[in-house]
Every structure is written in structure tokens, then in C-alpha cells.
1. Of the conditions (1) under 21 Å from residue 331 (Cα atoms); (2) in contact with a strand residue (DSSP E or B) (Cβ under 9 Å, 6 or more places away or on another chain), residue 66 fails just one. Which one is it?
2. Taking the range 195-219 only, how many residues are within 23 Å of residue 25 (Cα to Cα) and either over 22 Å from the mean Cα position of the chain (by Cα) or not in a loop (DSSP other than H, G, I, E, B) (or both)?
3. Hey, among the residues in the range 100-111 that are part of a helix (DSSP H, G or I) and in contact with a helix residue (DSSP H, G or I) (Cβ under 6 Å, 6 or more places away or on another chain), which one's modelled with the lowest pLDDT?
4. Six or more apart or on different chains, Cβ under 6 Å: which pairs go from a residue in the range 60-75 that's under 29 Å from residue 255 (Cα atoms) to one that's at pLDDT below 90? Could you list them?
5. Would you check if residue 309 is surrounded by fewer than 20 Cβ atoms within 10 Å (Cβ to Cβ), modelled with pLDDT of 55 or more and part of a helix (DSSP H, G or I)?
6. Check residue 150 against each of (1) within 30 Å of residue 5 (Cβ to Cβ); (2) assigned to a loop (DSSP other than H, G, I, E, B); (3) free of Cβ contacts under 8 Å to residues at least 40 places away in the same chain and name the one condition it does not meet.
7. Working carefully through the options 53, 87, find the one that is modelled with pLDDT under 90 and within 19 Å of residue 146 (Cα to Cα).
8. Which ones in the range 192-221 are within 28 Å of residue 294 (Cα to Cα), out of contact with any strand residue (DSSP E or B) (no Cβ under 9 Å at 6 or more places or on another chain) and surrounded by 11 or more Cβ atoms within 10 Å (Cβ to Cβ)?
């Protein structure tokens, strides 16, 4: 297969991701799903996120690598600078999800837990925190640095970086329009003082500072998330042991999915059993729990990448990063919630009563995962 054919095949794989992502996110699809299954739009995020991860695993298995077609290879200070931008962008991606979003809502795990336990359905409340004061979709901003500043850029990775970020912009515009239709004036006021992907430096330098929005409360006691940090280090060691320093072949991707499920079950159950709830409100407890599990998921991938770098001088293929991160965050949160609920029931001698929780605090605003 010639180079051009390989790059066209890779481009089609990236385009396919954008098509399935956009189709599943449309309001029309959500209306049809609700009419036929009574599944709310927030619950549909679980299906969207699962579809994204499955697609990434399949696409990574079919991906045509072009190691000999090097577009650029930086050296010296430029190389270190590009490494710094790439690593900082990946770390920012995880920082955004951990500190500026409710991961349980972003990935849909809180909705699943609510359904399984008969708890109140989560609701969305906008947060004004960190970069979201100036940028509506900062996760999408991070994608530019994550994929376009690689010090050694091969032709296939350049196709990935360009096409992914073209869809990144198109998808952000479409999502923005959906939110305007759903939220109306309350979201329009936010749009007026923020940028889509980049901050409105001249138009609105203060951003959303003057808008009234509730602050997030999931980091009010940072020490409560320490078990997630510890578990994540162990999870990274597990990845290194079972996956090795790289993951690129179809068999590797199957192992990634299996190891991700194993890590989700083990760390989720451990964290759910070990953590002590710090809130009476059911929604706040799930926000706290999903944040700890998400910290565990992110640190697991980062630790695996660091171990691989020390062993081989290169990080694993990032095609495995997002599936591992999502699987452990989503499935891990479900396992943790079940373990936590079992512990609470055993301690009280009777089932908990989540239905009495304050529904106004049951959810927080988040954007779909792997956008």
C-alpha cells in the first residue's frame, strides 16, 4: 500500500470519528432515543462516550503508521519546547476534567449510578471556574497542543492532528449552537463574554467574572482525593506490567480494553470501600467520588507514560490514553458507587434513602467526554 493510500485511509478513520460523534450528539437523535427508550439526554452521554472509546480502539487497530515519512524532526531547544507544549497540553486536558468539570456527568457515570440505585436524576448547573471564565470549551483548546506540537511528526500523525482539530472547531461550533437552543438566554449571556476555543482578550478581557454562577465544591477538601492519587500510581504500574511500554497493534488495543476494565473494577472497588463520604447530599457525594476515581484514572495513564519513558525513552502511543482514562473513570465510578453504597447500607443496617436528596445540587455542568 502506497503512502498516499495509507494517509487517505487514516484520514477516513479520523473523519469517521467526527461523523459518528456528531450524529450521536444531535438533538434529533436524542429526541428519537427519548421517545423510544425514555432515556434522557444526560443519560445518552454514556452511549456517546462509550461509542467514542470503542471507535478509538478500532481506529487505532486499523491505523496505518508511516514511521519513514517524517515531516519534521525538531532538535535542541525547539525539541524541548515542543515536548513541553505537548506534555503540558495533555496535563491540562486532565486538569480541566478533574478541577473544572464534574467527570461523573461529563462521561455519564453519575446518570447510570442514579438509575441503578433509584436516586434522583442529575441536573446541570453551570460552573464558573478556571479557564472556563474565558473559554467555553477549554478541553477543545488543549487538543491543539496535544496533537500538533509533536517534536517528531510523521505524515500519519500530521493527518491525525490536522483533521482532528478541523473537526474540533466544527464540533465546538455545533455543540455551542445546541446549547444555545437548549439553554437560551442564560447561556447566551455566557457566550457574550467568553470565547469558543480561545479567550476573548480584546472583546471581553474580564470574561464571565461578572456573571452569577455557583462555584464547584468537589475540591473543598483536597485531602479526601489522596486515595485516588495513590491508587493511580499503582494503576500505572499495573499498566506497565500488563501492557508494556507501547500499545499499537490490534492485539494491543484488545489488551488495552481488557486491562482498562480490570483496572476500573479493582481500583473502583478499593476506592469505594476505602473512601468516607464527606457530604449528605447524594449528588455531591457522587461528584466527590467521581472526582477521586477520575484522579486515579488520570494518574494511572500519566504514571504508565512516565515508566515507559524511563524504560524506552518514549511514551506509549497516545491512542491508548483516552480509552484507558475513560474506561477507568466511567466503569470505576460505577464500581466505587456500588461499593460505597454497600458500605453505607451495612453501617446503617438499612438501605440509604437517596431519593430525599436535594435535586438542585445533584448535578453540575460538564461537556461530553472525548469531544
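1. Residue 66 satisfies all of (1) under 21 Å from residue 331 (Cα atoms); (2) in contact with a strand residue (DSSP E or B) (Cβ under 9 Å, 6 or more places away or on another chain) except (1).
2. Looking only at that region, the number is 1.
3. 111
4. 60/253; 60/319; 61/250; 61/253
5. It is true that residue 309 is surrounded by fewer than 20 Cβ atoms within 10 Å (Cβ to Cβ), modelled with pLDDT of 55 or more and part of a helix (DSSP H, G or I).
6. All conditions are met except number (3).
7. Unique residue meeting the criteria: 53.
8. Scanning the range 192-221 gives 208, 209, 213, 214, 216, 217, 218, 219, 220, 221.
The values are calculated or read from the model by the stated rules, or taken from the named source; none is laboratory data. Note that the coordinates shown come from a computational prediction; the quantities given were computed from them, not determined experimentally. No Cβ is skipped: glycine too gets one built from the backbone with ideal geometry, and neighbour counts run over all protein chains shown.
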